[in-house]
Amino acid sequence: MNSKRRQLHLGLFLFGTGYHPAGWRLPEGKTDGAYDPQFLKEVAQKLEKAKFDFFFLGDRLATSADMQHLFPSQMTRLEPFTMLSYLAAATDKIGLIGTVNTTYAEPYNIARFTASLDHLSRGRASWNVVTGSDPRAALNFSREKHWDNAKRYDYAEEFIEIVSGLWDTWEDDSLPRDKASGVFADGSKVHALDHVGEHFSVAGPLNILRPIQGQLPLITAGTSLRSQMLAAQYSDMVFTGTNVKEVAVKFYKEVKGRLPEYGREVSDLKVLPGLVPIVGRTEEEARAKYAELNELVVTDFDLGPLSDKIGIDLRGYSLEDPLPDLSASEAALHWADLARGANGREDITIKDLFYFFTVTVRGHLLVVGSAQQVADIIEEWFRDEAADGFNVCPPYMPGGLDLFLELVVPELQRRGLFRTEYEGSTFREHLGLSRPRNRYDLIVKG
């Protein structure tokens, strides 16, 4: 691939109080960002001004108060498609990605939600397909237990086939609305789906016209073999979580290498890892903000999970002790190197390692530094085909996002990596994807 022909893609993964678990405790941190409509509108408009590809909302179908210290942003938040419909009216160009858990939904309803948002946004909607990893969700949907991985993916594949089929049930010229003849709809161009499968029976047609984009861009996530196969067959973008470039390069090659099996080109799928940028006007300012955030984490300093992760028991040490000999564990050496990079020094303590582990437990790439240093990492991952862009997770809001937009985006634009203007109006156009022909048009016309 020629890096000059590739375009970096950037989106926001919204955490209302920031990705860092203590982001909301900063004096300038936003505590009610998940619910403040004016704030959410301003965030979306800032992203659009910066020419971001998308505004992305995750979702969870279960919660508890004990999430507050590790995942406060995910504990409570608004339903994605309701919020995105509001943001569609406040923006003009930015893509809008909403999450739907296929394990606890019905295809016909989701086809309606997604098609509706695409019409309201004039072609900027997208669907993030998840199968769910929280077993507690089952208890909220009249089920005794959460399905296993294989069943969830089998269900999701059939789900996607139905939704994409329903989107096509009205051909683009199926509604002439001819006043002279009195023909409002051309019945020959409206199609029943008549799907009968292992999990679903859906007659169709959809009661909403074909989406503006024809087919909405589909997003999936994960690095497992099954998730790679799902991404290679259906996805236009895949979200990943890794903080090691070599691992990211391997995944990038693997998932794109599966595309020809489904008649697809390498450029048809964009790979975006998560990025947690702690940016300062200087490196020292960024390091100081990282330290300030960490000291605000509410924790009992249980070293058990960290010990289990790195394969070395740290529970007998003081938090202020320097790191012991970690040579017996490759995982421990890896985590220690990453923590040293985040802190900007070699002589880190067990507490420093604990904080790094706490912040990055979900696997996203944490980068601490000046705008030039953050841009260097982004460019390196992009150039070496570890990523086609990044799903940006600001550590605190709104300041963490504002600094990235003010300092890093212009640096990426100066380097010719990121757009200075949108080239199209739809999300598919932002991703460099053409509008697909309707499957019924293909059947009739070949």
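Brief remarks follow.
- Conditions (1) free of Cβ contacts under 8 Å to residues at least 40 places away in the same chain; (2) more than 26 Å from the chain's Cα centre (by Cα); (3) open to solvent by 20 Å² or more (accessible area, probe 1.4 Å): number failed by Val298: (1)
- When residues in region 361-389 are screened for being in contact with a Gly (Cβ under 8 Å, 6 or more places away or on another chain) and under 23 Å from Leu26 (Cβ atoms), 6 of them pass.
- Only one of the numbered conditions (1) modelled with pLDDT under 95; (2) outside any helix (DSSP H, G or I); (3) more than 22 Å from Phe15 (Cα to Cα) is not met by Gly341, and that is (2).
- Count of residues meeting criterion [of a type outside the set (Gly, Ala, Ser), surrounded by 15 or more Cβ atoms within 10 Å (Cβ to Cβ) and outside any loop (DSSP other than H, G, I, E, B)] in region 310-332: 1
- Among the residues making up region 136-162, those that are more than 19 Å from Gln215 (Cβ to Cβ) and either open to solvent by less than 80 Å² (accessible area, probe 1.4 Å) or in contact with a Phe, Trp or Tyr (Cβ under 6 Å, 6 or more places away or on another chain) (or both) are Ala137, Ala138, Phe141, Arg143, His146, Trp147, Asn149, Ala150, Arg152, Tyr153, Asp154, Tyr155.
- Filter pass, Leu209 being assigned to a loop (DSSP other than H, G, I, E, B) and of a type in the set (A, V, I, L, M, F, W, C): yes
- Hits in region 1-29 (condition: basic (Lys, Arg) and either under 16 Å from Pro277 (Cα atoms) or more than 21 Å from the chain's Cα centre (by Cα) (or both)): Lys4, Arg5, Arg25
- Residue tally, condition within 14 Å of Ala115 (Cα to Cα) and open to solvent by 50 Å² or more (accessible area, probe 1.4 Å), over region 163-211: 3
- Flag for Ile350 being at pLDDT 95 or above, aliphatic (A, V, I, L, M), in the same structural domain as Tyr252 (by the TED database) and touching a helix residue (DSSP H, G or I) at 6+ places or on another chain (Cβ under 9 Å): no
- Inspection of region 147-167 finds a residue satisfying the criterion of being more than 24 Å from Phe56 (Cβ to Cβ), touching a residue at least 12 places away in the same chain (Cβ under 8 Å) and among the aromatic types (Phe, Trp, Tyr).
- The requirement of being free of Cβ contacts under 8 Å to residues at least 12 places away in the same chain and farther than 14 Å from Ala291 by Cβ is fulfilled somewhere in region 346-358, by at least one residue.
- Checked against (1) in a helix (DSSP H, G or I); (2) modelled with pLDDT of 95 or more; (3) crowded, with 18+ Cβ neighbours inside 10 Å, Val359 meets all criteria but (2).
- Close Cβ contacts (under 9 Å, 6 or more residues apart or on different chains) running from residues in region 190-206 that are on the phi > 0 side of the Ramachandran plot and in the same structural domain as Glu171 (by the TED database) to residues that are surrounded by fewer than 16 Cβ atoms within 10 Å (Cβ to Cβ) and assigned to a loop (DSSP other than H, G, I, E, B) comprise Asp194/Ala203; Gly204/Ala192; Gly204/Asp194.
- The residues of region 82-126 that are open to solvent by less than 50 Å² (accessible area, probe 1.4 Å) and among the hydroxyl-bearing types (Ser, Thr, Tyr), listed by number, are Ser85, Thr91, Thr99, Thr102, Thr103, Tyr104, Thr114, Ser116, Ser121, Ser126.
- Residue within region 256-264 that is closer than 21 Å to Arg383 by Cα and loosely packed, with under 14 Cβ neighbours inside 10 Å present: yes
- Every residue from region 133-160 that is out of contact with any Gly (no Cβ under 8 Å at 6 or more places or on another chain) and closer than 29 Å to Arg437 by Cα: Tyr153, Asp154, Tyr155, Ala156, Glu157, Phe159, Ile160
- Gly214 within 27 Å of Val238 (Cα to Cα), modelled with pLDDT of 95 or more and open to solvent by 30 Å² or more (accessible area, probe 1.4 Å): no
- Unique residue being at negative phi and at pLDDT below 95 when the list is Tyr86, Tyr35: Tyr35
- Thr242 vs. criteria closer than 15 Å to Gly389 by Cα, assigned to a loop (DSSP other than H, G, I, E, B) and out of contact with any Cys (no Cβ under 9 Å at 6 or more places or on another chain): yes
The values are calculated or read from the model by the stated rules, or taken from the named source; none is laboratory data. Computed from a predicted structure; not experimentally measured. Backbone-built Cβ (ideal geometry, glycine too); neighbour counts: all protein chains shown. Each accessible area value is taken on the protein alone, full model and side chains, heavy atoms only, with ligands, DNA and RNA left out. Shrake-Rupley method; radii C 1.70, N 1.55, O 1.52, S 1.80 Å.
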